[in-house]
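The values are calculated or read from the model by the stated rules, or taken from the named source; none is laboratory data. These figures come from a predicted structure and were not determined experimentally. In this analysis, Cβ positions are derived from the backbone assuming ideal geometry, glycine residues included, and neighbour counts consider all displayed protein chains. What goes into the accessible areas is simple: the full protein's heavy atoms, side chains included, and nothing from ligands, DNA or RNA. Shrake-Rupley method; radii C 1.70, N 1.55, O 1.52, S 1.80 Å.
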Amino acid sequence: MIEQLIQFLDVVSKSPHLPVLLIAIPLVAAPLLILIGNRKLVQILSLIVAWVVFGISVAMLGRVLATGAFEYQLGGWPSPYGIVYRVDHFNAFVMLFVSALGALVLTYSPPSVAAEIPRSKHYLFYPSYLLCMTGLLGMCVTGDLFNVFVFLEISSLSSYALISLGKTRRAPLASLQYLILGTIGATFFLLGIGLLYQITGTLNMADIAEKLAASDAKRAELVAFAFMTVGLFIKMAVFPLHTWLPNAYTYAPSVVTTFIAATSTKVSVYAFVRMVYTIYTPKFAFETLPLDRAMVVLALIGIFVASIAAIYQTNVKRLLAYSSVAQIGYMLLGIGLATEAGVAAGVVHMFNHAFIKGGLFMVVGCFALRIGSVRLEDWRGAASVMPMTCFAWAVGGLGLIGVPMTAGFVSKWMLLTATMDAGNLTVAMLMLISSLLAVVYVWKVVEAIYFSEPSEKVKAAKEAPLTMLIPTYVVIGATVVFGCWTVYSAEIAQLAAKALLNASGVVQ
Amino acid sequence: MTPETFFGLFNYWIVICLMMTGFYIVISSGNLIKTVIGLNIFQTSVFLLYITMGKLTDPVKRVTAPILEGGHGDSHGDHSAHGEHVAQVSFEEHASEQLHDAVKHAHADLSEAGHGGAEHAHEVAEVLYSNPLPSVLMLTAIVVGIATTALALALIVRIREDYGTIEEDEILELDKELQ
């Protein structure tokens, strides 16, 4: 029996159809689950789907590491005529952590969903979640530019719906604000794609790259680049286009916040890196256009403004939301360096931050379940009744600050050395100072939960259920593991950065 | 800029006007429904841009929608079908494999025509066809636009139920009172 199972898995993992199964399984599962409509069954089936998707991502990363990048032609139409899904080190790596967090957060979700979302909506919640995951993975896997737009909208529309499920009346408003900004961003992106299509007559990314190198429509290229950059900056929540993010993260249900905070903005960063390094060239973005200087300035202002804003928050979800805006700044700093070390640092920070922020929001979800509040004054003295949950916050917080032996240290160290190598000492100094701000807002929470008299709400609370604590500790544990052992994080990121820079301009 | 180029770019002026109108409504309007409609106008302008780029115009030749007349299989023999092949050359980049074959045939036909006589070649160049791909892309984008509008309006219904108003400043006022 077990032998047969292993044999079966072996055959499946060698299947050439993995890239399309990654998308097709959750996409088809979502409407079917709505038809099934049974709350318990939907929950179990979506959990299975999420883990299957994770399995496919692992198999694809394995294949990329063994044999290099590979393509899947939808319907057998060869590129550039048909749509191709192209898997290389970079997107296999991004898909791995997106699907891993998708599955882990879903495993963690049942008690929190039961507490925060009306029972009658559960059978709709899980399919929306799967659709959001489909959209995010689709943005990564596809090699067709228009496909990126479609998947971007699939993930965005489902995340608007998910955010609006929040308990307070502020949730629909936050969701609508995100919808308006998000749609403007996506439409800008679409406009950019249209202009690129007008120049090149193709939508295949590799083909566009080739044709752009030969084209002389410089002004149209610039306009297309500008529209796509602004569109993606909105989705990435780069300062000053981040205004949708704090409200959306604060008022969404905890599970939704956890998933979106851990994955959504990173996938937009991925799309941006693809655009700069695969479709255009870093030379175009950073020499013809001074985008690198603009990015460094925006990133640094973003890091400082958002970190300082985080310090003054009393709502922990909002505190972490502002911290997310700041962390996007670090990724941009790395990507804007246009050196192998810099890009690798940016990419690995995507991975590490996904786990750190995912883990911290999972802790917030545990508190929200047991204390019934995410306000800091209600959390005071929580360590006396919820020691496990509080310890997870402490470890995750250390990761966010970037203390050695945690994942946050690995990426910040790589970023720091890359910045120093590029000869930019001022930026390196500012980065170090900004990490101190993270110490302040993480410590603020640690002080409240460990060193204060228990509040009334805490006295009535008890430790979070194991079904939530175990996934939380898996994610938090991962931040420590990847802080000490970087074979599958930093090293893959380095391979990805190398491939991106070698190809920069022309893929293959 | 000569009047000809100005009027030749007519569609693009409309696109820009619509886009700016829509964007202005989104930014300036406090009424949530108006914001969503502005967003809709903004998206529509992009649809128009795509469709414009797919559309061919020509002062001499007939330009029409890319519809095969008389079917693909039996078209090689007759003259009127050659025009289709020429049109397919114009969007060769996106032709599927089958279309690619057809294009090859067309090239072959054209070279034959070169040998055969000027009359033949003239007929071949008579009809041009628009590129269907941008229109097809826009079908997808329109669906996305409808989904966005529907979701936005549904959210506004919920906001109206909770706050009793759809004016953004009044809603923010109500929230402040609460705090």
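Here are a few things to note about the model shown:
- A:Y81 farther than 28 Å from A:L466 by Cβ, without any contact (Cβ under 8 Å) to a residue 24 or more places away in the chain and crowded, with 17+ Cβ neighbours inside 10 Å: yes
- Which listed residue is open to solvent by 10 Å² or more (accessible area, probe 1.4 Å), farther than 19 Å from A:L319 by Cα, of a type in the set (D, E, K, R) and assigned to a helix (DSSP H, G or I), from A:K444, A:K462, A:K457: A:K457
- When A:L332, A:L320, A:L298 are checked against the criterion of being surrounded by fewer than 24 Cβ atoms within 10 Å (Cβ to Cβ) and within 16 Å of A:M236 (Cα to Cα), a single residue qualifies: A:L298.
- Any chance A:D216 is within 11 Å of another protein chain (Cβ to nearest Cβ), over 21 Å from B:T52 (Cβ atoms), acidic (D, E) and surrounded by fewer than 24 Cβ atoms within 10 Å (Cβ to Cβ): no
- Residue in segment A:87-96 that is touching a helix residue (DSSP H, G or I) at 6+ places or on another chain (Cβ under 8 Å) and within 14 Å of chain B (Cβ to nearest Cβ) present: no
- Looking only at segment B:19-50, residues that are surrounded by 17 or more Cβ atoms within 10 Å (Cβ to Cβ), within 10 Å of chain A (Cβ to nearest Cβ) and among the aliphatic types (A, V, I, L, M) come to 7 in all.
- Residues in segment B:129-148 that are more than 9 Å from every other protein chain (Cβ to nearest Cβ) and surrounded by 17 or more Cβ atoms within 10 Å (Cβ to Cβ): B:Y129, B:S130, B:M138.
- So A:G201, is it open to solvent by less than 10 Å² (accessible area, probe 1.4 Å) and either at pLDDT 90 or above or within 14 Å of chain B (Cβ to nearest Cβ) (or both): no
- Listed conditions (1) open to solvent by 10 Å² or more (accessible area, probe 1.4 Å); (2) aliphatic (A, V, I, L, M); (3) farther than 16 Å from A:V255 by Cβ are all met by A:L145, apart from (1).
- Test set (1) among the β-branched types (V, I, T); (2) touching a residue at least 24 places away in the same chain (Cβ under 8 Å); (3) within 9 Å of chain B (Cβ to nearest Cβ); (4) part of a helix (DSSP H, G or I) - A:V150 fails condition number: (2)
- Residue match in segment A:48-71 (condition: within 14 Å of chain B (Cβ to nearest Cβ), out of contact with any His (no Cβ under 8 Å at 6 or more places or on another chain) and under 30 Å from A:R370 (Cβ atoms)): no
- Being surrounded by fewer than 18 Cβ atoms within 10 Å (Cβ to Cβ), polar (S, T, N, Q) and over 23 Å from A:P253 (Cα atoms) is a condition met by no residue of segment A:28-49.
- Taking the numbered list (1) more than 30 Å from A:Q494 (Cβ to Cβ); (2) open to solvent by 20 Å² or more (accessible area, probe 1.4 Å); (3) not aromatic (F, W, Y) in turn, A:C366 passes all entries but (2).
- Test: residue in segment A:223-232 that is hydrophobic (A, V, I, L, M, F, W, C), part of a loop (DSSP other than H, G, I, E, B), out of contact with any strand residue (DSSP E or B) (no Cβ under 9 Å at 6 or more places or on another chain) and surrounded by fewer than 24 Cβ atoms within 10 Å (Cβ to Cβ): no
- Selection count where residues are open to solvent by less than 50 Å² (accessible area, probe 1.4 Å) and under 17 Å from A:V348 (Cβ atoms), scope segment A:465-508: 15
- Residue in segment A:84-131 that is surrounded by the fewest Cβ atoms within 10 Å (Cβ to Cβ), counting only those that are of a type outside the set (A, V, I, L, M) and not in a helix (DSSP H, G or I): A:P118
- Residues satisfying the stated conditions in segment A:159-183, i.e. more than 9 Å from chain B (Cβ to nearest Cβ), at pLDDT 90 or above and not in a helix (DSSP H, G or I): A:L165
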